[in-house]
Amino acid sequence: MFDIGWGELVLVGIVALIVIGPKELPTVLRTLGQYMAKIKRMAGEFQGQFQEAMREAEVDDLKKQADDLHSSVTDFANIDPLADSEETIADDAEGVGEPASEPTSDATPEHPQATSSEPVNDAPAPEVEPAAAAEISVPLPEEPPPVSEKDFAAAEPEPPKVPKQAGGSA
């Protein structure tokens with residue numbers, strides 16, 4: 001903190017001895033030590049209070065985050081998709097025969113499967129006769145060839161190729 005060496009301390013001691021005198025020097029040093037101890041205690045208390053305030057601020061932040069998390073989890077726990085589906089079906093059943101109205105931006109969509117690029121068609125689906133349904137055929141994918149032991153057999157390594165030497169024959 002203070003960059004004071006031994007030589008400087010000796011010089012300060014000699015000046016204090018000359019200025020204060022040998023009789024009063026022990027009393028002055030004792031008083032100076034008491035003031036230094038009080039200053040250190042006050043600094044320690046201030047530091048402790050500051051750290052306590054920081055801990056309380058952190059605890060408040062953590063408590064706020066926990067409350068936010070709890071409220072979001074509670075919101076998810078109150079979701080009942082079956083009730084939402086039943087309401088949608090009931091609304092659709094009541095709306096049969098009525099002219100279709102344009103949905104507003106704050107209203108829930110009547111058809112959750114429809115996207116904004118697809119037009120919503122409230123007309124009933126055409127009924128398919130059973131005879132016509134039997135004529136529709138869907139091609140099946142081709143079956144892969146059966147697996148044999150040959151597929152799992154280790155490949156034999158090829159013998160190393162030795163380059164031919166030019167010029168000499170034995």
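No value in this document is a laboratory result; all are computed from the given coordinates. This is a predicted model, so every value here is computed, not measured. Every residue, glycine as well, gets a Cβ built from its backbone with ideal geometry; the counts of neighbours run over all protein chains shown.
Results, tabulated for the structure shown:
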read-out: Local net charge near K63, Cβ-Cβ under 13 Å (Lys/Arg +1, Asp/Glu -1); value: -4
read-out: Residue among I18, G48, Q34 farthest towards the positive dipole end of region 1-63, charges placed on Cβ; value: I18
